[in-house]
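Reviewing the structure listed below.
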Amino acid sequence: MGNLWEKAKLGRICSRISRGSSIKITEGIYRESAVPFVRSHNIGDGIFIYDGLLFIEDSAAERIKSVKLERGDILINMRLNSSLRFTLVPEDIIGGRVNQHVSVIRVKKNIVDPVFLKYFLMWNKTQNLLISMAMEGSVRTTLTKKAIENLEIYIPPMNQQKKIAFILSSLDHKIKLNNEMNKVINEMANTIFQYLFVDFIPFSQNEFRKSELGNIPKGWRIEKMKDMVPVTDGTHESPKKEKAGYKLITSRNIKNNSIELRNVNFISKEDFKRINRRSKVERLDILITMIGSIGNTFLVQDECIDYAIKNIGLIKTSSNKEMAEFIFMYLSSTKMKNYIGTRITGNSQKYISLTELRNIPVIIPPDDVIIKFNRLISKLYKKMAQNNFMNSNLIDIRDISISKLVSGKILLEDIT
């Protein structure tokens, strides 16, 4: 660490550290207009997640104006039962409000660059320290303002802060571009699927027949998922956590056809082998969440699988590779999301049973239609897999760079 680096508590270098306010749905009209209302699930790992963003009327926003978002504000999700996440307020969210599970850090910009601080907070060592401070002498599941204020950070000269922020932001920018490309590719794939298998446009002149899923072209059939491919699920036990080893994927790790590996738990080799005797994940299998956020899907593209699964459905399309992309897109369609929603049960903990997954009805078109569809889709999914692989490497590089740069283990005084 350089001689010019200073140490200070976060509370001293911030002009504001505060939490948001709760609001009843009846207090504002939730719609895509008016004032953005940020909740904890909108805060990603250094990114802002727009899915599920709510908006409130000006009158409701006025009542909670004590925390009005400004440029350079850092948002923190406060719930420790998930994971600590930090991100900067995007330009189009400036002026918004936050709920009670989100805290806002506003730094004195003449002392600390907000982007540098964001990465310092994303450093694993910082997160572990915050969690330990919050848990001292209690069983809290929420990060406290006091813990944030008492966090000590290392502050390099401003020119060094900006260089560090630029290097790390460049990596995140490439990750963002790959994600945006995948979003476009996914929209293209969904359009093709909708055209062929929902609207049946190429088959509109065919004779149709009634089925449990509505009218379908004559010659097509309906089969249960279990009659097409094996369907099982991951462990229901909670293996002992290890500091390192094999990853254990749960429902919270699967989102938008991707797996978030930053905050996974690790298990021993013995537990990994034991779980895989029942539910081994292989390339072109489909994972589907069964608890919590139900129905999120992921098509496995990797050859080497270093994780086991817990409370996740495993649809073994690796045993019927020609149908893998079709079944994945079928499960991801709005029609099947709605179908799965009607099969959810449970009171305090919502879930879908393995029996329901096995009995999902699937529309099966003729073989020649599937072959043509696969020719169109396989290249798209190959490109998405390449982007995901690149992002996985970029995230690893970014996280290693964070630990080296914000700790001062690598100094940038000589970089111009």
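Data table
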item: CD proxy at 222 nm, helix term only [per DSSP H run n ≥ 4: -39500 (n - 2.57); per residue of the chain; nearest 500]; result: -11000 deg cm²/dmol
item: Most to least packed among 392-402, 205-215 [average Cβ atoms within 10 Å]; result: 392-402, 205-215
item: Cα shape, the stretch 196-353, gyration tensor, a/c 1.5 rule; result: prolate
item: Amide N of the stretch 86-119 lying under 16 Å from the label point, which is placed 7 angstrom from the Cα of GLU260 along Cα→Cβ; result: 86-88, 101-103
item: The stretch 151-171 versus the stretch 333-409: alpha-carbon centroid distance in Å; result: 34
item: Cβ crowding within 10 Å averaged over residues, with 15-21, 348-354 ranked highest first; result: 15-21, 348-354
item: Estimated D of the chain in µm² per second, where Rh is the Kirkwood radius over Cα pairs and Stokes-Einstein applies at 25 °C, 0.890 mPa s; result: 103
item: Nearest-ten-degree value, helix 367-405 long axis tilted from longest Cα axis of the chain; result: 20
item: Cβ-defined net charge surrounding ASP302, 10 Å radius [Lys, Arg +1; Asp, Glu -1]; result: -2
item: Under 5 Å, built H, 5+ apart or other chain: amide partners of ASN265; result: LEU248
item: Degrees between helix 124-135 axis and first principal axis of the chain (Cα, 0 to 90, nearest 10); result: 80
item: Crossing angle, helix 269-279 versus the chain [Cα axis fit, 0-90 degrees, rounded to tens]; result: 30
item: Inter-label distance, nm, simple model (7 Å from Cα along the C-beta direction), ILE94/THR191; result: 3.3
item: Mean separation of Cα contacts under 8 Å (6+ apart) over length of the chain, as relative contact order %; result: 16
item: FRET efficiency for GLU237 and ASN347, using Cβ-Cβ distance with R0 set to 30 Å, rounded to 0.05; result: 0.85
item: Using θ = phi - 60° and Karplus 6.51 cos²θ - 1.76 cosθ + 1.60, couplings along the stretch 219-236 (whole Hz; Gly, Pro as x); result: x, 8, 9, 10, 10, 6, 3, 5, 8, 9, 8, x, 10, 9, 8, x, 5, 9
item: Rg/Rh ratio calculated on Cα atoms of the stretch 302-397 (Kirkwood radius); result: 1.01
item: Sparse-neighbourhood loop sites, GluC sites (Glu not before Pro) in the stretch 234-338 - DSSP loop, at most 13 other Cβ within 10 angstrom; result: GLU237, GLU303
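A short reminder: the numbers here are calculations on the coordinates, not readings from a lab. Nothing here was measured: the structure is a model prediction, and the numbers come from that model. Methodologically, a virtual Cβ is constructed for each residue, glycine included, from the backbone with ideal geometry; neighbour enumeration extends over all protein chains shown.
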